[in-house]
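Beneath this line is the structure, given in structure tokens, with notes to follow.
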Amino acid sequence: MEIPVVSVRIQRLKDDMLREPRRMSVEQAKIIHRIYQQHLDDAPVLRRAKALRAAFEEITIRIEDGELVVGNRTWGVRSGVVFPECGIAWMEEEIDGLPTRPQDPFLTDPEDVAFVKDVLLPFWKDKTLESRIYQEIGPLDDAIAPVVKINQKVRAQGHIIPDISKWLRLGPAGIKQEAEAYLDRADTQEKRDFYESIRIAMDGASTYYRRYAALAAERAQAGCAFAQDYQTVSELCSRLAEQPAETFHEALQAVWMLMVCLQMESNAASFSLGRLDQYLYPYYQKDLQEGRLTEDGALELLLCFFLKFNQIVCMRSGLEARYFAGFPIGFNIVLGGRDETGALLENELSFLMLRVQKALHLPQPNLSARLCSKSSPAFLEACADVLADGGGLPQLFNDESIIPALEQAGLSREDAASYGIVGCVELAGCGNMLGWSNATMFNVVKVLELTLNHGRCLLTGQNLAPDLGGLDTYPSYEAVEQALRAQMFYFIERMVQCHNAVDRHHGQYLPTALLSSVVDGCMERGIDVTCGGARYNSSGVQFVQIANLIDSLAVLRDLVYQGKLSGSVLLLQLQRNFEDPAIRRQVLEAPKYGNDLPQTDVLANQWVRFMADELEQYRNYRGGRFHLGLYTVSAHVPMGANVGASCDGRLAGQPLADGGISPSAGAERLGPTAILKSASSLEFLRISNGSLLNMKFSSSMFQEPSSRERFCALLRSFVALGIHHVQFNVVSRKELLAAQKEPVKHRNLLIRVAGYTAYFVELDQSLQDEIIRRTECVL
Amino acid sequence: MSGEIFGAVFNIQKFCIHDGPGIRTTVFFKGCPLRCRWCANPESQAVHSQMMYDRSLCLRCGYCEKACPNGGIHLTDDGVVIDRDLCTGCGSCVNACAIYGGKALSMQGDLKTVDEVVAEVLKDQVFYQSSGGGATFSGGEVLSQLEFAEAIAVQLKRHGIHIACETAGYAPPEAFRRLMSFTDLLLFDVKHHDEASHLAGTGVSNAQILANLRMAVTEGKPVIARIPVIPGFNNRPGDAEAFGLLLRDIGIQEANLLPFHQFGQGKYEKLAMEYDYDDVPSLQKEDLEPMKKVLETYVSKVQIGG
């Protein structure tokens, strides 16, 4: 693959961006605080639209030197925005430590800190989303917290793909007209407020464009190397304030500006972009045909555009950062794939964007590639080429399993076929679906613990669930399963109750008119997206973690209830964190998920189906379904910290299996094909919220054409096996060193030795050293 | 029933990407008539199961001694001593070591039925299809368990699986012809061009081997000749030319040069076997470049590594 030249302009923009310290920003908080008090009597939707418009009018803006795509939500890049309406209680304790905390520190200005402490915190104490939710479900939420993490209590929802095509087609002025037409016919006050809010928000967005146009013109006049570029940017921002996008450059600017606007309205994670190569292609093609654009010109614009996605970050509390460590803001872009008739939709932009990713090597946008049975060899090779650099992008999705799963979840064939990815790996329709994909995380390993230990927590001894028995009393494996199901019912029911309250509070207190205007269904029905206006409404429940559950159940079924290990003895060992290493060895030696063994893998599918069936009994506040996800981002670490020793041999507090459907660390011993085969035994048709599989490869896998070919063949098999998602870590020297230190944890690390591939930790130290030295040259 | 034919297999390795085309599963048959002094898989030489003992993992707990029904294993200050004459390969000590000890003991070689091997190989069919891969029979020496291998191959062929055989080719012509009948690609070891040197290095003459190689080529079987390049044995001045002349004469179109490595070193100690190449450094890819250059003047396609 030809890597585009990173010009001096791009290199400087990138360096400057990464050099600029992250700062906490309260500028928008001040505006929200003021407008809220001025418009106490307005409906929340109207009040929020006014606060948003004020922000568009007042926020200090700047243009980075030489950038061709402009816009940000704060003056600085990568600032952490304080958003009082959602949840700021954590700041009370954490704000002083914000500049020095280990995970994602932000610099603070003493005046801003004083404003937060003296003004915001006291005033908003009982008015935030968080406090209102707590007032309603606090005790219940706390009671189930060891098992279920109810998300989105402290920030707006996000997790959605707006209708980018519509935004390009109409722009803020066109959408404003559309809202006005609906406003004329609106029959209730609620609807009138909603349409009026859209009108206000769109006015604000146009104003924001004009302010950037003016600033760019000012900089052009100041005369400098980029004067001509600033002039261009100024002109196109002026046009976009009033008109739809017409050129490729305008389209890129418009798409980015939409992302900025959505962030200013919601300050939320995971506003994703869907199939950007498709939406932008007509503009690209037209510009090429009409001689306005060259491929090199398009690359330079795309480089500028991709850089922007790294300029907005999410400021989280210390606790949240543990669950979403290093997880940035979730601007996901998908490339390639097919349509509902099976026709392949890869185009030149799919390839250009991969090349841009290779050149920039930045974490955002979170680039995803859609594979299907017809994916071109060139596209697979291009993906492999970017993956070879490490960093895990693009992650790969499988049209052949995802499209049917989304249809099963209620999407039309056409909407399912044009799916995109939200945030990390969540599946969603583009521009028509509020998936609430990260609604809750359900720790099934903890539920098993409570099932086996008489409803008591192994770590604290607290009663967290009803006592249905214990491993010392259940007479059969079937009795264990029955009790496990009953305990799951118990928590699922309470989880739904909590989530629905949270969902309702978002509709009540955090309606998002601007977002609603670009989600299909809302405008037509006059209902905000947070209240169920979208065509599709669902809530995603993450089942955490299949590998530990299955491996534990296999031990119970095949050892304990086959008379090879006493239930009472095992329970005692769980309580004592495997005081007896021999018992722990015995369970570690039992068959494990990830080795293509039908006897374990059949359990995996059984419990996925049970959970999916169970969730289907319920409806969320927006009238949509609950559906199942198998991914955890980084939550397997904190969630594992909360689980005592488990029957699979995992010690108390140790992380659960990673990813979502990955085998437990060190459990898989037969390599990548066996992992994929085990994963494929899951019924993906029922996993419509998304799944995550992590795999690791040595970088040498990508060096020789012959092994790269085999990697691409592995991807084709991944498609044929019907697994939703896979991502590849290409191993670094650092990891090899860590593997040397802790071999058990890295048992699955595959490495190209000489003429063959081997497990790194099984090699002699001297050879490992040699490989590390070799890898150093390679990476 | 082919399922009732047993054979000794010491490993079935998935995702092999250097033993023939595509993604493959390699079945390692135990037992080899050759005794190559540099052999990297000494556990593959004997047909019967063998105990492997890793001193560095041993906890000196003595549970293996208690577990052995024949009194064939003893704990000493320096770890355990296995009386290989008393060992029947029952595996009691291995189990004890896995649960109570440090996993220092392992059994090399498993008796498997044809059906078991076939089922394991078929598991990765989807990967063979997407990559043009298949199964590779390796060893040890597949010829040493020809009936077993043949029975496996017959079943795999019913599923359209491509079969490569990695062989030293040391067998009577009738036996070799049987091997060829189910093989789609031969990865044929040519360890030395000179008969006396071959005998000294491997314990057998290369006359029958070369005759079989010639037969395979004559009958149009796809063959890749593989030369393990062993320091001081077959990389002396003039060796490359001699190999070239030989391979050209036989009609070989493709050859691989496999650099000598030391991955087998640790296994000799674990098996209590003597190793002649203890202090010989591994060869690197670069070391083989001159030989490759020479060979390329005789054989159309030469690559370093498999």
Worksheet item: When only residues in region A:644-673 that are in contact with a strand residue (DSSP E or B) (Cβ under 6 Å, 6 or more places away or on another chain) and away from chain B (no Cβ under 14 Å) count, which is most open to solvent (accessible area, probe 1.4 Å)?
Response: A:658
Practice prompt. Tell me which residues, restricted to region A:705-724, are open to solvent by 10 Å² or more (accessible area, probe 1.4 Å) and more than 9 Å from chain B (Cβ to nearest Cβ).
Written response: A:705, A:708, A:722
Item to complete: For region B:62-69, state whether one or more residues are assigned to a helix (DSSP H, G or I) and away from every other protein chain (no Cβ under 14 Å).
Response: yes
Worksheet item: Does at least one position in region A:742-750 carry a residue that is modelled with pLDDT of 80 or more and more than 10 Å from chain B (Cβ to nearest Cβ)?
Response: yes
Fill in: Residue in region A:373-418 that is nearest to the chain's Cα centre (by Cα), counting only those that are without any contact (Cβ under 8 Å) to a residue 60 or more places away in the chain and under 30 Å from residue A:620 (Cβ atoms)
A:407
Worksheet item: Being surrounded by fewer than 17 Cβ atoms within 10 Å (Cβ to Cβ) and among the small types (Gly, Ala, Ser), is that true of even one residue in region B:295-302?
Response: yes
Practice prompt. Would you be able to tell me the number of residues in region A:616-638 that are among the aliphatic types (A, V, I, L, M) and crowded, with 23+ Cβ neighbours inside 10 Å?
Written response: 3
Fill in: Considering residues of region A:475-518 that are aromatic (Phe, Trp, Tyr) and open to solvent by 10 Å² or more (accessible area, probe 1.4 Å) only, the residue farthest from residue A:179 (Cα to Cα)
A:477
Practice prompt. Select from region B:237-268 the residues that are among the acidic types (Asp, Glu) and closer than 14 Å to residue B:227 by Cα and write down the one among them that is nearest to the other protein chains (Cβ to nearest Cβ).
Written response: B:254
Worksheet item: Failed condition for residue A:609, given (1) more than 24 Å from the chain's Cα centre (by Cα); (2) open to solvent by 10 Å² or more (accessible area, probe 1.4 Å), with all others met?
Response: (1)
Worksheet item: Going by the conditions given, is residue B:14 within 14 Å of chain A (Cβ to nearest Cβ), at negative phi and of a type in the set (Lys, Arg)?
Response: yes
Worksheet item: Can you name the residue in region A:135-180 that is on the phi > 0 side of the Ramachandran plot and in a loop (DSSP other than H, G, I, E, B) and, of all such residues, is farthest from the chain's Cα centre (by Cα)?
Response: A:152
Discussion item. Testing residue A:680 on (1) open to solvent by less than 20 Å² (accessible area, probe 1.4 Å); (2) within 12 Å of another protein chain (Cβ to nearest Cβ), one condition comes back false. Which one is that?
Written reply: (1)
Worksheet item: If you scan region B:88-106, which residues turn out to be open to solvent by 50 Å² or more (accessible area, probe 1.4 Å) and either facing chain A (nearest Cβ under 10 Å) or touching a Gly at 6+ places or on another chain (Cβ under 6 Å) (or both)?
Response: B:95, B:100, B:103
Practice prompt. Quick one: in region B:111-133, of everything that is charged (D, E, K, R) and within 8 Å of chain A (Cβ to nearest Cβ), which residue is nearest to residue A:597 (Cα to Cα)?
Written response: B:123
Worksheet item: Of all helices (runs of 4 or more DSSP H) completely enclosed by region A:199-314, which ones contain at least 3 residues that are free of Cβ contacts under 8 Å to residues at least 24 places away in the same chain?
Response: A:227-242, A:276-289
Discussion item. Restricting to region A:683-694, count the residues that are open to solvent by less than 10 Å² (accessible area, probe 1.4 Å) and without any contact (Cβ under 8 Å) to a residue 60 or more places away in the chain.
Written reply: 1
Worksheet item: List the pairs whose first member sits in region A:439-457 and is in contact (Cβ under 8 Å) with a residue 12 or more places away in the chain and farther than 18 Å from residue A:577 by Cβ, whose second member is open to solvent by 10 Å² or more (accessible area, probe 1.4 Å) and part of a strand (DSSP E or B), and whose Cβ atoms are under 6 Å apart, counting only residues at least 6 apart or on separate chains?
Response: A:441/A:149; A:455/A:463
Discussion item. For region A:345-373, give me each residue that is surrounded by fewer than 16 Cβ atoms within 10 Å (Cβ to Cβ) and either of a type outside the set (Ser, Thr, Tyr) or in contact with a Leu (Cβ under 7 Å, 6 or more places away or on another chain) (or both).
Written reply: A:348, A:361
Worksheet item: So residue B:274 fits all but one of (1) within 14 Å of another protein chain (Cβ to nearest Cβ); (2) closer than 30 Å to residue B:49 by Cβ; what number is the exception?
Response: (1)
Fill in: Single residue of B:73, B:82 found to be closer than 30 Å to residue A:580 by Cβ, of a type outside the set (Phe, Trp, Tyr), in contact with a Phe, Trp or Tyr (Cβ under 8 Å, 6 or more places away or on another chain) and away from chain A (no Cβ under 14 Å)
B:82
Worksheet, complete the sentence: Residue hits (region A:82-93; under 16 Å from residue A:22 (Cα atoms) and open to solvent by 10 Å² or more (accessible area, probe 1.4 Å)) are none
Item to complete: Go through A:527, A:550 for me and flag whichever is open to solvent by 10 Å² or more (accessible area, probe 1.4 Å), of a type in the set (A, V, I, L, M, F, W, C) and more than 14 Å from chain B (Cβ to nearest Cβ).
Response: A:527
Item to complete: Only residues that are of a type in the set (S, T, N, Q) and open to solvent by less than 50 Å² (accessible area, probe 1.4 Å): list them for region B:269-294, please.
Response: B:282
Discussion item. Let me spell it out: the conditions are (1) crowded, with 21+ Cβ neighbours inside 10 Å; (2) within 30 Å of residue A:726 (Cβ to Cβ); (3) not β-branched (Val, Ile, Thr), and residue A:453 meets all of them except one. Which number is the exception?
Written reply: (2)
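Residues are listed down the side, and each one gets a yes or a no for (1) assigned to a helix (DSSP H, G or I); (2) within 20 Å of residue B:44 (Cα to Cα); (3) without any contact (Cβ under 8 Å) to a residue 12 or more places away in the chain:
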residue: B:98; (1), (2), (3): yes, no, yes
residue: B:103; (1), (2), (3): no, no, no
residue: B:117; (1), (2), (3): yes, yes, no
residue: B:126; (1), (2), (3): yes, no, yes
residue: B:135; (1), (2), (3): no, yes, no
Response to the item:
Filter region B:1-31 for residues that are open to solvent by 40 Å² or more (accessible area, probe 1.4 Å) and in a loop (DSSP other than H, G, I, E, B); the one that is modelled with the lowest pLDDT is B:1
Discussion item. So, in region A:543-593, exactly how many residues are among the polar types (S, T, N, Q) and within 20 Å of residue A:608 (Cβ to Cβ)?
Written reply: 3
Discussion item. Being under 21 Å from residue A:227 (Cα atoms) and either among the charged types (D, E, K, R) or surrounded by fewer than 20 Cβ atoms within 10 Å (Cβ to Cβ) (or both) is the filter here; which residues of region A:64-74 pass it?
Written reply: A:64, A:65, A:66, A:67
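The values are calculated or read from the model by the stated rules, or taken from the named source; none is laboratory data. For clarity, every value in this text was computed on a predicted model and none was experimentally measured. Using ideal geometry, Cβ is built from the backbone for each residue, glycine included, and neighbour counts are taken over all protein chains shown. Just the protein is used for accessible areas: all its heavy atoms, side chains included, with ligands, DNA and RNA removed. Shrake-Rupley method; radii C 1.70, N 1.55, O 1.52, S 1.80 Å.
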